[in-house]
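So the structure is just underneath, and the comments pick up after that.
The values are calculated or read from the model by the stated rules, or taken from the named source; none is laboratory data. The structure presented is a predicted model; accordingly, all values stated were derived computationally and were not measured. Positions of Cβ are backbone-derived with ideal geometry, glycine not excepted, and every protein chain shown enters the neighbour counts. Heavy atoms of the whole protein, side chains included, go into the accessibility calculation; ligands, DNA and RNA do not. Shrake-Rupley method; radii C 1.70, N 1.55, O 1.52, S 1.80 Å.
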There are 2 protein chains.
Amino acid sequence: MASRKSRPERRQEPLSRERIVAAAVELLDTVGEGGLTFRALAERLVTGPGAIYWHVTGKTELLAAAIDAVITPVLAGDDTGATPQEAIRALALGVFDAIDAHPWVGTTLAQLPRTPGKSPMLRVFERIGRQVQALHVPEAAQFTAASALLSYILGVAGQNAANTRAARANPDRTAFLDAVATAWRELDPVEYAFTRDVAGQLRAHDDRAEFLAGIDLILAGITAGRADGRTGP
Amino acid sequence: MASRKSRPERRQEPLSRERIVAAAVELLDTVGEGGLTFRALAERLVTGPGAIYWHVTGKTELLAAAIDAVITPVLAGDDTGATPQEAIRALALGVFDAIDAHPWVGTTLAQLPRTPGKSPMLRVFERIGRQVQALHVPEAAQFTAASALLSYILGVAGQNAANTRAARANPDRTAFLDAVATAWRELDPVEYAFTRDVAGQLRAHDDRAEFLAGIDLILAGITAGRADGRTGP
DNA sequence: ACCTGAACACCGTTCAAGT
DNA sequence: ACCTGAACACCGTTCAAGT
């Protein structure tokens with residue numbers, strides 16, 4: 001086995017936080033959350049696991065950085081010329097699509113605290129809040145309105161990640177939805193009356209449109225009548 | 001060391017799925033998600049880790065069962081005599097309080113697919129849907145309305161779990177909120193104009209009331225005008 | 001300063017062997 | 001039928017030693 005010693009095909013670039021995070025995103029996209037391992041990452045980067053710790057404090061930070069890398073481009077959009085409603089819809093759809101493309105983001109995003117400055121969570125909150133102000137929501141209700149929109153987006157994100165995971169086992173999407181619809185229709189007619197009723201709507205169902213409709217529902221609630229929402233005396 | 005051999009104080013009951021799940025909930029409550037370990041669980045139940053696998057297929061099922069055990073009592077409430085709005089608020093608050101008491105539920109709940117029958121997720125969805133029907137929402141919009149409410153509840157659940165985790169490091173709640181408010185006010189005035197504006201509302205802030213206000217916002221959107229929500233041409 | 005890779009202290013899960 | 005506990009194949013993280 002006489003192997004010619006030659007310059008390797010691609011030169012070994014030095015390790016860097018950037019390269020590590022990029023490799024982590026790739027790993028998460030291809031093998032999912034369970035696949036992100038310091039050993040697997042090290043192999044991809046042609047080093048030992050210890051080397052990664054020189055650039056990153058640990059797995060928590062690595063995951064946060066990966067999420068940041070996916071969400072940041074979403075926030076790059078420009079809102080000038082759009083109505084507040086349009087801007088909110090565009091932002092929400094951006095987050096939705098990003099999570100659709102990277103399901104692992106949906107799993108963890110909702111678990112990020114809004115507290116640290118510059119966190120992707122807080123940046124989305126800020127963007128939403130500006131549009132809420134543009135809607136002329138009274139000051140006292142702005143926090144509530146922005147929080148409600150954010151919570152809804154995060155909730156859908158989580159559900160979507162769960163659905164993607166569940167659907168991945170099934171090859172084709174329509175077949176999967178049909179299977180769920182059938183299962184729903186076979187539920188107990190008394191205990192699950194509503195679910196059975198709406199089972200039929202599942203087939204024609206478009207996740208993206210459904211998501212947007214929910215956003216519009218909240219926007220309608222925000223702009224309708226008294227914005228503090230409570231119905232009490 | 002002459003130790004008298006006597007009947008142990010509490011008789012060793014036989015292992016059962018019930019006892020295992022109860023111990024898991026206790027473990028999750030006291031040591032958090034990271035603390036739920038087959039070894040720790042086995043120690044609490046005075047057995048080896050292998051014994052647990054006779055009653056439970058694995059960790060995923062165990063966690064699902066633990067969540068089920070927490071959510072099921074919430075669904076026991078009776079809605080008779082309440083308006084649909086009141087019933088939805090009561091249910092939502094029930095879920096909120098359950099997650100407040102067991103933060104680990106919030107972390108995982110949103111990740112549960114709605115697909116398997118009898119899943120806690122689906123049962124909450126069913127309960128919400130009935131009240132949506134009672135609100136006389138047109139059939140075509142019922143799915144959207146119920147999904148929106150559920151997604152919002154799940155989103156808040158996740159955020160709440162994250163906040164609880166973040167706050168746990170800090171001893172007292174007001175001090176923690178003050179610290180966050182201060183941090184928010186020190187953010188860049190251009191990049192974080194909205195967040196800085198609402199920082200002041202954080203101190204007086206009541207998570208439960210805020211959550212309910214969000215529910216009311218969505219309810220207002222559902223009942224206001226055209227229930228399919230879209231504003232298009 | 002940055003990288004290496006063996007070593008440590010854990011995991012979930014399996015399974016032969018016991019009762 | 002049910003339990004035991006050693007063993008397997010992993011983890012994240014650390015750290016002495018190298019360059």
### Message
Return the residues of the stretch B:44-73 that are within 13 Å of DNA strand C (Cβ to nearest atom) and open to solvent by 50 Å² or more (accessible area, probe 1.4 Å); say none if nothing qualifies.
### Response
B:44, B:47, B:49, B:50, B:53, B:54, B:55, B:57, B:59, B:60, B:61
### Message
Being among the β-branched types (Val, Ile, Thr), in a helix (DSSP H, G or I) and within 22 Å of residue B:123 (Cβ to Cβ) narrows it down to one residue among B:195, B:144; which is it?
### Response
B:144
### Query
Does the stretch A:197-220 hold any residues that are more than 9 Å from every other protein chain (Cβ to nearest Cβ) and either basic (Lys, Arg) or surrounded by 14 or more Cβ atoms within 10 Å (Cβ to Cβ) (or both), and which are they?
A:199, A:200, A:203, A:207, A:208
### Task
Evaluate the following for residue B:150: is it under 11 Å from the mean Cα position of the chain (by Cα), surrounded by 17 or more Cβ atoms within 10 Å (Cβ to Cβ) and at the interface with chain A (Cβ under 9 Å from one of its Cβ atoms)?
no
### Query
residue A:224 fails exactly one of the following numbered conditions: (1) under 14 Å from residue B:217 (Cβ atoms); (2) in contact (Cβ under 8 Å) with a residue 60 or more places away in the chain. What is the number of that condition?
(2)
### So residue B:37, is it over 19 Å from residue B:110 (Cα atoms) and either modelled with pLDDT of 95 or more or near DNA strand C (Cβ under 7 Å from one of its atoms) (or both)
yes
### Query
Would you pick out the residues in the stretch A:67-94 that are without any contact (Cβ under 8 Å) to a residue 24 or more places away in the chain and under 12 Å from the mean Cα position of the chain (by Cα)?
A:94
### Query
Is one or more of the residues making up the stretch A:81-91 modelled with pLDDT under 95, more than 13 Å from DNA strand D (Cβ to nearest atom) and not hydroxyl-bearing (Ser, Thr, Tyr)?
yes
### Query
Is there a residue in the stretch A:160-177 that is more than 20 Å from residue B:139 (Cα to Cα), in a loop (DSSP other than H, G, I, E, B) and at the interface with chain B (Cβ under 7 Å from one of its Cβ atoms)?
no
### Task
Residue by residue through the stretch B:22-34, note down the ones that are more than 14 Å from every other protein chain (Cβ to nearest Cβ) and either open to solvent by 60 Å² or more (accessible area, probe 1.4 Å) or away from DNA strand D (no atom under 16 Å from the Cβ) (or both).
B:25, B:26, B:27, B:28, B:29, B:30, B:31
### Query
Can you name the condition, by its number, that residue A:76 falls short on among (1) among the small types (Gly, Ala, Ser); (2) open to solvent by less than 60 Å² (accessible area, probe 1.4 Å); (3) more than 11 Å from DNA strand D (Cβ to nearest atom)?
(2)
### Query
Taking into account only those residues within the stretch A:178-188 that are more than 7 Å from chain B (Cβ to nearest Cβ) and of a type in the set (A, V, I, L, M), which is surrounded by the most Cβ atoms within 10 Å (Cβ to Cβ)?
A:181
### Task
State whether the residues of the stretch A:118-130 include one that is at the interface with another protein chain (Cβ under 9 Å from one of its Cβ atoms) and not in a helix (DSSP H, G or I).
yes
### Query
Within the stretch B:150-167, is there a residue that is at pLDDT below 95, more than 21 Å from residue A:157 (Cβ to Cβ) and either of a type in the set (A, V, I, L, M) or in contact with an Asp or Glu (Cβ under 9 Å, 6 or more places away or on another chain) (or both)?
yes
